[in-house]
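S.K.: The following block contains the structure, expressed as structure tokens.
The values are calculated or read from the model by the stated rules, or taken from the named source; none is laboratory data. Not measured: the values here are computed from a predicted model. No Cβ is skipped: glycine too gets one built from the backbone with ideal geometry, and neighbour counts run over all protein chains shown.
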Amino acid sequence: MNATCSFDELLADLSGTHLIRQGLAERVSVESCLVGIVAPRLRRVGLLDPTNASESIDAELTLYRLLGEHETDAYGRYSSLLRELVSFENAFDRRLSRGFFRHD
């Protein structure tokens, strides 16, 4: 039996959710770059405006540049963030496959 839930419930307790929430709230930050990377998936399920596709174009390059400005090991941090993002995407997809979210 599939139940529906809100956007907040859908993201609850997923690895990396804090990064996605912060990225949605900020203009240009590490977190907003991560949202830009995952934006196509979020658009497909109706969680982001499909007419605003610009954030995903340079998100990975911008992320690496931002990390290079503030981190001593930009590559290590970049890899770590991408692993966490993949973990979020996998958990998000599993939750969606169970029918826990319906965008009307």
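S.K.: Filter segment 14-31 down to residues that are among the hydroxyl-bearing types (Ser, Thr, Tyr) and over 8 Å from the mean Cα position of the chain (by Cα) and give me whichever is nearest to Arg95 (Cα to Cα).
M.R.: Ser15
S.K.: Which one of Val38, Val28 is under 19 Å from Val86 (Cα atoms) and of a type in the set (A, V, I, L, M, F, W, C)?
M.R.: Being under 19 Å from Val86 (Cα atoms) and of a type in the set (A, V, I, L, M, F, W, C) holds for just one of Val38, Val28, which is Val38.
S.K.: Is it the case, given these coordinates, that Ser15 is closer than 27 Å to His70 by Cα, modelled with pLDDT of 80 or more and surrounded by fewer than 17 Cβ atoms within 10 Å (Cβ to Cβ)?
M.R.: So Ser15 fits the description; yes.
S.K.: What pairs come out if I take residues in segment 7-19 that are under 18 Å from Ser32 (Cβ atoms) and touching a residue at least 60 places away in the same chain (Cβ under 8 Å) and pair them with residues that are of a type in the set (Phe, Trp, Tyr) and not in a helix (DSSP H, G or I) whose C-beta lies under 9 Å away, six or more apart or interchain?
M.R.: These pairs meet every condition: Phe7/Phe101.
S.K.: Could you give every pair whose Cβ atoms fall below 7 Å, whose first residue belongs to segment 69-95 and is closer than 20 Å to Thr17 by Cα, and whose second residue is of a type in the set (Asp, Glu) and at pLDDT below 90, counting only separations of at least 6 or pairs across chains?
M.R.: Sorted first by the residue in segment 69-95, then by its partner, the pairs are Arg77/Glu71.
S.K.: Among the numbered conditions (1) farther than 13 Å from Ala39 by Cβ; (2) at pLDDT below 95; (3) surrounded by 13 or more Cβ atoms within 10 Å (Cβ to Cβ); (4) not polar (S, T, N, Q), tell me where Arg94 comes up short.
M.R.: Of (1) farther than 13 Å from Ala39 by Cβ; (2) at pLDDT below 95; (3) surrounded by 13 or more Cβ atoms within 10 Å (Cβ to Cβ); (4) not polar (S, T, N, Q), only one is false for Arg94: (3).
S.K.: Consider Leu48 carefully, then state whether it is out of contact with any strand residue (DSSP E or B) (no Cβ under 6 Å at 6 or more places or on another chain) and modelled with pLDDT of 85 or more.
M.R.: For Leu48, the condition - out of contact with any strand residue (DSSP E or B) (no Cβ under 6 Å at 6 or more places or on another chain) and modelled with pLDDT of 85 or more - is not met.
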